[in-house]
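First comes the structure, then the notes that go with it.
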Amino acid sequence: MSCEIIIIGGGLAGLSATISACEKNLKVKLFSVLPVKRSHSVCAQGGINASVNSKGEGDSPYIHFYETIYGGDFLANQPPVKAMCENAPNIIYLLDRMGVMFNRTPEGFLDFRRFGGTKYHRTAFAGATTGQQILYALDEQVRRFEANGLVEKYEGWEFLRAVIDNKGVCRGIIAGNINNLDINYFPADAVIIATGGIGMIFGKSTNSYICNGSAQSVLYQQGVKYANGEFIQVHPTAIAGLDKLRLISESVRGEGGRIWTYKDGKKWYFLEEKYPSYGNLVPRDIASREIFKVCVEMGLGIDGKNQVYLDVTHIDRKTLEYKLGGVLEIYQKFTGEDPYSKPMKVFPAVHYTMGGLWVDFKQMTNIPGLFAVGECEYQYHGANRLGANSLLSCIHAGLSVGDNVLNYISSLSERCEDIPLKIFESEKSLVVSKFEQYKRLNGAENPYLLHQELGEIMTENVTVVRYNERVLATINKIKEIRERLNNVNILDSSDFGNQTLFFVNQLYNMIELALVIAKGAYLRNESRGSHYKPEYPHRDDQNFLKTTIALYDKEEPVITYEDVDLSILKPVERKYQ
Amino acid sequence: MEVIVTIERRKSPVESSYIETFRVDLPDSANVIMILMEIRKKPINIKGEKVSPVAFECSCLEEVCGACTMNINGRARQACSTLLRDLGGKINLAPLRKFPVIRDLIVDRRKIFDALKRVKAWIPIDGTYGMGPGPKVPEKVQRIGYKLARCMSCGICMEACPQVNDRSNFIGPAVIAQTYLFNLHPTGAMIEEDRLETLLEDGGIGECGNAQNCVKVCPKGVPLTYALGKLNRDTLIYSIKRLLDT
Ligand SMILES: Cc1cc2nc3c(=O)[nH]c(=O)nc-3n(C[C@H](O)[C@H](O)[C@H](O)COP(=O)(O)OP(=O)(O)OC[C@H]3O[C@@H](n4cnc5c(N)ncnc54)[C@H](O)[C@@H]3O)c2cc1C
Ligand code: FES
């Protein structure tokens, strides 16, 4: 039995982690449901932040740090955020060295654009497909390590459970092959989770179809703390779709795009009017609430529907093509309308989870040997993430985790080869029997319809505006869906490529995480960042300047609170007027 | 609109394929993925029989990941960006032909990734520690590099290329274009000769028959024939040099 490390997920975070582990000469088994090159990170459009101050504006990593903490309404622990912002310029240079085709200035230097929540040009970008370009560069570096024999890829394998020994230490995983349904155990001295976002819990979102949070939920059910679950970012500008709410990146506003609707027959630029200094680039939570208010409360949406205009028609075509081509192409493709000559119609959509697996400053969860990096953990964005900070946090955490894992392994008195095999065997049989049980499900409910129902109530009641009464009703409804899940039909009896089998398993997990989100929201009686309750419209530092911690319980999560590390900046009121 | 969807299905790699037809009702703004999602919600074929849901792959749903590539009405394309209003009332779905089928519409495209390994499609950096900025790249080079770098390894160009077939092991246009991308970069160029060497091997650029189908079908407008042309020249110069050197 060989003891290597295991990384689950090959998005920006997982690939960065792989590279940093390989540089420490650790052998990596890299698991991903899809070929890593098709990970959700390819969707990121707008860019990645780093205060390189190449435009002589006086920007600095410290200002970046301040704006990130301020933008997150002071809920993030400060030291790791500071370290991330300080490391950001290095990361951009590194990506540049890896060959990412970032946009250039006429002199050949890296170009930077503006994003929300800042007045500086701080965002490096590769057209409007930045995530794709960065993911490919990291994928290529990992392929190089694969060719050298340091990385072994398990693509088409789904993480199903961590193996935790009787001392509470993580010793490996159980994973299943989504094609031939082989379920097996894989021992390791450390496991790094990098499984990304959870948009599927809301049915339709800007996320990829595979972002279901199932892995995070399994771990939570195994005793890993889940932090700040209620903080869900709703992005102000997406296009409505039947299968997905496709994002129109914030970079569109960064490049001068304007939001408006009609009021009294005249164009009303409501963000510019209310927030004169940030205008269309107020942070996302604020922009989403304003659009929500204009459409839902004032009934001023375009054509009486829930939509406002996002307008770039005043910008010349060449600039648009070079800087935003990829996003505008998506709009054109899916709506059939030409964004170069007609304003786009957009509405807010679930986009990102600030909450996630709890980790310490070394990216380790409360289970020794189990680490987490990327969108699946909670560390860097507080109550609201600033645009273009996610790619940064994924790569920063990924690149730093290799060192931490190596130190952790060196400190182990017992390596995974010392662990009796029967622990792995029994964990495996747990999962195998669960899947056998799924195969026998022959009730009346359709799992895909049940998922749709979950998504609808979550989107309706636990997104932009949250009322306690409705959130409470949602919690009860989720529990009802959980009951009904026992009465689903598995639809497919095949032992090969049976997608429904895996989907039912994911749905069980999505439901548990939905409860974490809803209960966290219910108990947080204040408004902070993305979490807004009309009944409690103000931030309440006295009671809630605290990290929410959810621990699993069969009935519903047990919620407690932890202090936030405020050792560098003093909380002040957040306003963007 | 009501559509009649005929799908070429297969239960596993070792079983033979069969045809199954469904009737679905969706707005004309829906994409082909929605058809498959509707079928899951009500897996009943046109004869009224209960059947297993159709297996398919998708992720980004906005044509940047390449996962959902399949044959739609005889043409390889991404199901997520193919809308019903462009297809009419009768739709045929089949898996890609140039790759082994796993189940239904899912195929195994590992050979693309293996080929990328073969041509060393990466920039050989020293390490990830801070070394300052990378080499300056002229905007002109960035523009062409970016176009090449948008290739999502979907396999459509291989599906359209007559030279990719059972009898050849041609690595295909996409991978060759990536070779050009890495040779274009100042650091990437440091192992240019390794890559050219590989392209001169069996399955390399010599297999290209210049049918030029690839560039016509690429959903991302990757300048495939441009890269092929450049590399034809580069490999020629390289092989002459190699000859003279020995
Ligand atoms: C449309 C869109 C645009 C965005 N634009 C930007 C932007 O411009 N700038 C920015 O900073 N951020 C942006 N974001 C956010 C950013 O893209 C994500 O937060 C980030 O890419 C997440 O990366 P990750 O590595 O954590 O996860 P992902 O890229 O989602 O990767 C997750 C990986 O885990 C694997 N996986 C998941 N579950 C399992 C399992 N159970 N078993 C095995 N493998 C599993 C997947 O296959 C995948 O490889 C955007 C997000 C969206 C939705
Ligand atoms: S799902 Fe990604 S290209 Fe279609």
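Taking the charge dipole of the stretch B:1-149 about its Cα centre, with +1 at Lys and Arg Cβ atoms and -1 at Asp and Glu Cβ atoms, the residue from B:Leu83, B:Ala115, B:Asn45 reaching farthest to the positive side is B:Ala115.
Sorting the segments A:84-94, A:547-557 by their residues' average number of neighbouring beta-carbon atoms within 10 angstrom, most packed first, yields A:84-94, A:547-557.
For the stretch B:175-238, what class follows from the C-alpha gyration tensor (a ≥ b ≥ c being the square roots of its eigenvalues): rounded when a/c is under 1.5, otherwise prolate if a/b is larger than b/c, else oblate? Note, shape of the stretch B:175-238 comes out oblate.
Interface residues of the stretch A:202-226, defined as a loss of at least 50 Å² in heavy-atom accessible area between the chain alone and the complex of all protein chains with a 1.4 Å probe, are A:Tyr209. For the stretch A:194-202, 3J(HN,Hα) computed residue by residue from phi via the Karplus equation (6.51, -1.76, 1.60; θ = phi - 60°) reads 9, 9, x, x, 9, x, 4, 4, 9 Hz, glycine and proline entered as x.
Around the amide H of B:Arg9, modelled in the peptide plane, lie the amide H atoms of B:Tyr18, B:Ile19, B:Glu20, all under 5 Å away and 5 or more residues distant in sequence or on another chain. Can you tell me the dipole magnitude for the stretch A:234-351 around its Cα centre, using point charges on the Cβ only (Lys, Arg +1; Asp, Glu -1), in Debye to the nearest 20? It comes to approximately 40 debye. Rolling a 1.4 angstrom probe over the stretch B:2-107 with all protein chains present gives an accessible area of which 46% lies on carbon and sulfur atoms. Taking a ≥ b ≥ c as the square roots of the eigenvalues of the alpha carbon gyration tensor, the stretch B:1-119 is oblate, as a/c is not under 1.5 and a/b does not beat b/c.
The coefficient of translational diffusion for the protein assembly as shown, derived via Stokes-Einstein from the alpha carbon Kirkwood radius under 4 °C and 1.567 mPa s, stands at 48 µm²/s.
Straightening the chain between B:Arg242 and B:Asp28 buys 71.3 nm, computed as 0.36 nm per residue apart minus the Cα-Cα spacing. With the largest listed first and rounded to whole Å, the semi-axes of the equivalent ellipsoid of the stretch A:379-513 from the Cα gyration tensor are 33, 29, 14. Shown for the stretch A:234-351: the carbon plus sulfur share of the solvent-accessible area, taken with all protein chains present and a 1.4 angstrom probe, equals 49%.
Computed from backbone phi, the HN-Hα couplings of the stretch B:36-47 come to 5, 5, 5, 4, 4, 6, 8, x, 10, 7, 5, 7 Hz, rounded to whole numbers (Karplus: 6.51 cos²θ - 1.76 cosθ + 1.60, θ = phi - 60°; Gly and Pro given as x). So what's the angle, to the nearest 10 degrees on a 0 to 90 scale, between helix A:468-485 and the longest Cα principal axis of chain A? Approximately 40 degrees, to the nearest 10.
Listed by chain and number, the lysines whose C-alpha is less than 19 Å from the C-alpha of B:Lys111, apart from same-chain residues fewer than 8 away, are A:Lys37, A:Lys153, B:Lys98, B:Lys120. Summed over both chains, the contact between A and B buries some 6100 Å² of accessible surface at a probe radius of 1.4 Å.
Within the stretch A:421-528, list the trypsin sites (Lys or Arg not before Pro) lying in a DSSP loop whose Cβ has at most 14 other Cβ atoms in a 10 Å radius. Here the trypsin sites (Lys or Arg not before Pro) that fit, given the DSSP loop and packing criteria, are A:Arg440. Taking the longest Cα principal axis of chain A as reference, the axis of helix A:390-410 is set at about 30 degrees. Taking 27 Å as the straight-line reach from the Cα of A:Lys119, the lysines in range (excluding those fewer than 8 positions away in the same chain) are A:Lys55, A:Lys82, A:Lys267, A:Lys274, A:Lys293, A:Lys318, A:Lys323, A:Lys345, A:Lys570, A:Lys575, B:Lys136. Legend: mean number of C-beta atoms from other chains within 10 angstrom of residue C-beta atoms, peptide A:105-116, equals 2. Net length available on complete extension from A:Tyr262 to A:Asp565 is 104.6 nm, with 0.36 nm assigned per residue and the Cα-Cα distance removed. Panel note: the C-alpha atoms of chain B, placed on their principal axes, show extents of 71, 42, 31 Å (largest first). Using protein chains only (no ligands, no nucleic acids) and a 1.4 Å probe, work out which residues of the stretch A:462-496 have their accessible area cut by at least 10 Å² relative to the chain alone. With the partner chains in place, the stretch A:462-496 has these residues losing at least 10 Å²: A:Leu491, A:Asp492, A:Ser494, A:Phe496. Given +1 at the Cβ of Lys and Arg, -1 at the Cβ of Asp and Glu and no other charges, the dipole of the protein assembly as shown around its Cα centre is 1440 debye to the nearest 20.
Here's how it looks for A:Arg113: its modeled amide H is under 5 Å from those of A:Arg122, A:Thr123, A:Ala124, which are all 5 or more places away or on a different chain. Contact order normalised by length for the stretch A:347-448, with contacts defined as Cα pairs under 8 Å and 6 or more residues apart; what percent is it? That works out to 20 percent. Remark: relative contact order (the stretch B:110-245) = 31 percent; criterion is Cα-Cα distance under 8 angstrom and separation of 6 or more residues. Under 1.5 on a/c is rounded, so check that first for the stretch A:39-80, then, if it is not, pick prolate when a/b is larger than b/c and oblate when it is not; a ≥ b ≥ c are the square roots of the alpha carbon gyration tensor eigenvalues. Oblate, because a/c is 1.5 or more while a/b does not exceed b/c. The smallest convex shape that holds all Cα atoms of the stretch B:71-123, its convex hull, gives 105 Å³ per residue.
Other protein chain C-beta atoms within 10 Å of residue C-beta, averaged over B:42-51: 1.
Of the peptides A:181-194, A:385-398, the order by per-residue mean of other Cβ atoms within 10 Å, starting with the highest, comes out as A:385-398, A:181-194. For a straight C-alpha distance cut-off of 16 angstrom, the aspartates and glutamates reachable from B:Lys11 (same-chain residues fewer than eight places away being disregarded) are A:Asp492, A:Asp495, B:Glu20, B:Glu57, B:Asp104, B:Asp108. The relative contact order of chain A comes to 22 percent, based on Cα pairs under 8 Å that sit 6 or more residues apart.
Of the accessible area of the stretch B:110-245, computed with a 1.4 Å probe over protein heavy atoms only, carbon and sulfur atoms account for 53 percent. Averaged over the residues of B:119-131, the number of partner chain Cβ atoms lying within 10 Å of the residue Cβ comes to 6. In terms of the mean number of neighbouring beta-carbon atoms within 10 Å, the peptides B:33-45, A:11-23 order highest first as A:11-23, B:33-45.
With all protein chains kept in place, the per residue accessible area of the protein assembly as shown amounts to 35 square angstrom at a probe of 1.4 angstrom.
The values are calculated or read from the model by the stated rules, or taken from the named source; none is laboratory data. Bear in mind that the values here come from a model prediction, so they are computed numbers and not experimental data. Positions of Cβ are backbone-derived with ideal geometry, glycine not excepted, and every protein chain shown enters the neighbour counts. Each accessible area value is taken on the protein alone, full model and side chains, heavy atoms only, with ligands, DNA and RNA left out. Shrake-Rupley method; radii C 1.70, N 1.55, O 1.52, S 1.80 Å.
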